[in-house]
Every structure is written in C-alpha cells, then in structure tokens.
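A short write-up of the structure that comes next.
No value in this document is a laboratory result; all are computed from the given coordinates. For clarity, every value in this text was computed on a predicted model and none was experimentally measured. Heads up, the Cβs are rebuilt from the backbone with ideal geometry, glycines too, and the neighbour counts pull from every protein chain shown.
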Amino acid sequence: MKALKERLASDATVIEASLRQIFAGLPPRGDIYPAMEYSLLAGGKRLRPILTLECCRLCGGDVEAALPLACAVEMVHTYSLIHDDLPAMDNDDLRRGKPTNHKVFGETTAILAGDGLLTAAFGVIAGAFALSESQRLAAIQALSAAAGPRGMVGGQMLDMDGEDRALSRSELEELQSLKTGALIGCATHLGCIAAGADEKTRQAVEGYAQRLGLAFQVRDDILDVTSTTEELGKPIGSDAEQGKTTFVTLLGLEECQRWVEKLSCEACACLEGLAGAELLQELAQTLASREN
Ligand code: GRG
C-alpha cells in the first residue's frame, strides 16, 4: 500500500511538472492560457496519465518517452470536464474543489479553453520526438477514436439524449463505456504504444482497462449518492436532480458495490502472470473503495 501511494505520488509529480511546461512562456492571448491552466492544473487524481505511465512501465517501455502521451490524455479529460460543466450540459458550479471554468472566466472563454486543450493535446503527441513517427501516429489515432464520436463525445451525446428517460442496463453500460471507459482504455493503450508492447500484453491490458473503467463509473454513481460535496470537490446528487438513470437507480447501492469489487478482481485477473503487474492490480483494488 505504501509503495502504491509513493509511486502514485511520484507519477503525479512528474505529470504535474510536465503539464506546467506545455503553455509556459507563450505570448499572452487574452484569458485563453490562464483559463486552460486554471482547470488543467487544478489537481484531480491524474488517474488517466498515471495509467499511461504505469502501463508503459509494465510493458518495459521508457516512461519519460510516454510522458507527452500521458499529458495529452489528461488535457482531453480536462477539456471534457470543462465542457461537461457548461450551462448547456450539466450546468455545474464546482469542479476539483474550485468554481467551474465558466464561473470564473465566462462561458465563451470556457468553451475556448476546452477547445484549446483538445486541439493542443494532439500537437503534444505530434511533438513527442522520443517516439517513432509510427508510434506518434498510432497514439493520435487512438486518442482521436477514444475522444470523438466513436468514444467519449458519442457517450456524452447518449447521456444528454437519455436525460428524463429510463435507460435499460445495457443502454447505460454502452453509454458509460463510451463516455468514461473509452478514455480510460485509451490511457492504458497509449502506455502500450509508447512501450511497443506485444499483442498478447496489449490485449491483457485492454481487458484490465475495460473492467477498471466500468468499475470506476459504477463507483462514481455510488459516490454521487453517498459522498459529500467537500469530499468529491463537485456537487453530489446531480444525477438524481437531472432525472438520469444510474447504476445505483437500476441496481441499488449494495449490488453496485458488490459489482465494483467483482469487476476490480476481474481487472486484476487480466494481468495475472505479467511480471511487474502488482501496482496496476493494487490500483484497481484501491479504486474499488475510493472516496473521491
Ligand atoms: C463534454 C465531450 C464531453 C464529454 C464529457 C467525462 C465526461 C464526458 C463527463 C464527466 C461526467 C462525469 C462525472 C463522469 C463520471 C466519471 C468521471 C469521468 C469522473 C471524472 O473523472 P475523475 O474522477 O476526475 O478522474 P478528476 O478530477 O480526478 O480528474
């Protein structure tokens, strides 16, 4: 447990430093850089970039070379949070324990800050010169698929369409696998790309990520009911308020937590037999009882 905490903290420090460098020293353009950095550097668990680095390490790659890919996935994640919080979407006031981007900078700048992070993420990958051209191209393709209409944007569309309508369990699983799962899966895939992982390991990591992503979302639904605004750094109860179907409304709290634990065990099993997988396995177990 101590080793996990120390490694997560050390990964987060490296990621943080790298994110700080991306827009440093650029000539000012109104509020755009402050608005982008306001959300990008507002903390957060850094789960996705940590997954990129740890999957790269698992596959025997150079973690330093994977850093731009880790930053890119966190930039796309941050863009999605900024846009998700907008009045036209979830209309939330608090994120990562701070007022949401549009509350501080206004809607126009918040939209542009999201756009800026999304587009700059692909530039960061293109400029990852420690990787080969084919690795950079594969990373761009993977992130584009996961973030776009075949992934997160498609899931968000289903989410918006599903408000005020009861969804079936399979509809909800599909929606969440796109909205949340695709980017988590992509984060692990980027680590494999950076390391030049073999097909067998890549498939094992994919199985791990699928279960982890679903467990993460189910736990998110539980926390939306059981946690506090202070603990989560974002409003609680917002799903119920918006009349959304969640795993908790479909299955109840206890069944959901049993499912999270089962998925986490299955995620660990996917990596069984891979040398050095203990940290990712422990991470899956820890996320099953995460409180924020
Ligand atoms: C606007 C295109 C677009 C997409 C938005 C990810 C998303 C899609 C919306 C977020 C809504 C939400 C609360 C989803 C539940 C799971 C989730 C992605 C939570 C936020 O991720 P964390 O917990 O956040 O990793 P931090 O702040 O720790 O990075």
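Quick one: dipole size for region 74-178, taken about the Cα centre, charges +1 on Lys/Arg Cβ and -1 on Asp/Glu Cβ, in debye to the nearest 20.
Result for region 74-178 is approximately 420 debye, rounded to the nearest 20.
Pick out, from A121, A147, T108, the residue whose Cα sits farthest towards the positive end of the charge dipole of the chain, with +1 on the Cβ of Lys and Arg and -1 on the Cβ of Asp and Glu.
A121
Could you tell me the calculated FRET efficiency between T226 and A24, based on Cβ-Cβ distance and R0 = 41 angstrom, to the nearest 0.05?
My answer for the efficiency is 0.55.
Relative contact order of region 1-128, please, whole-number percent, based on alpha carbon pairs below 8 angstrom and at least 6 residues apart.
29 percent
Tell me whether region 68-215 comes out rounded, prolate or oblate; compute the Cα gyration tensor, take square roots of the eigenvalues as a ≥ b ≥ c, and use a/c under 1.5 as the rounded threshold.
Because a/c hits 1.5 or more and a/b fails to exceed b/c, region 68-215 counts as oblate.
Let me make sure I get this right: for region 169-292, a, b and c are the square roots of the gyration tensor eigenvalues over alpha carbons, sorted descending. Under 1.5 in a/c it's rounded, otherwise prolate if a/b > b/c, else oblate. Which is it? Don't jump to the answer; show the numbers that get you there.
On the way: a/c = 2.07, a/b = 1.90, b/c = 1.09.
Cα axes put region 169-292 in the prolate bin.
Go through 142-154, 175-187, 120-132, 60-72 and give me the packing order, highest mean Cβ count within 10 Å leading.
175-187, 60-72, 142-154, 120-132
Which ³J(HN,Hα) values in Hz, rounded to whole numbers, follow from the phi angles of region 178-185 under the Karplus curve 6.51 cos²θ - 1.76 cosθ + 1.60, where θ = phi - 60° and Gly and Pro get x?
Couplings: 7, 5, 10, x, 4, 6, 5, x Hz.
Checking the a/c ratio against 1.5 first, then a/b against b/c, what shape does the Cα gyration tensor give for the chain?
Oblate.
Quick check on my link table: of K5/K234; K5/K200; K45/K179; K45/K103; K5/K179, which ones sit more than 25 Å apart, alpha carbon to alpha carbon?
Listed pairs above 25 Å: K5/K200; K5/K179.
What ranking, highest mean first, results for peptides 259-269, 203-213 when packing means the other Cβ atoms within 10 Å averaged over each residue?
203-213, 259-269
Could you pull out which residues in region 210-240 have an amide N less than 20 Å from a spot 7 Å beyond the Cα of R165, following the Cα-Cβ vector?
What the label zone holds, given the 20 Å backbone N cut-off, is 239-240.
Only helical DSSP H runs with n ≥ 4 go in: add -39500 (n - 2.57) per run for the chain, normalise by residue count and round the 222 nm mean residue ellipticity to 500 deg cm²/dmol.
-22500 deg cm²/dmol
Figure the gain on full extension for N91 and E254 (residue separation times 0.36 nm, minus the Cα-Cα span) and round it to one decimal in nm.
The N91-E254 span can extend by a further 55.8 nm.
Find how much the distance from Q242 to K45 grows on full extension, using 0.36 nm per residue of separation minus their present alpha carbon separation; answer in nm with one decimal.
The span from Q242 to K45 would gain 68.4 nm if fully extended.
Are there GluC sites (Glu not before Pro) in region 108-197 that DSSP puts in a loop and that have at most 13 other Cβ atoms within 10 Å, and which ones?
E163
Can you give the Kirkwood hydrodynamic radius of region 1-122 from its Cα pairs, in Å with one decimal?
For region 1-122, inverting the mean 1/r across all distinct Cα pairs yields 15.0 Å.
Give the share of C-alpha pairs in each 10 angstrom bin for region 220-272, from 0 to the last occupied bin, in whole percents, shortest bins first.
In order of increasing distance, the bins hold 24, 41, 28, 7, 0 percent.
What nm value, rounded to one decimal, do you get for the distance between K98 and A126 when each label is placed 7 Å out toward the C-beta?
Computed distance between label sites K98 and A126 equals 2.8 nm.
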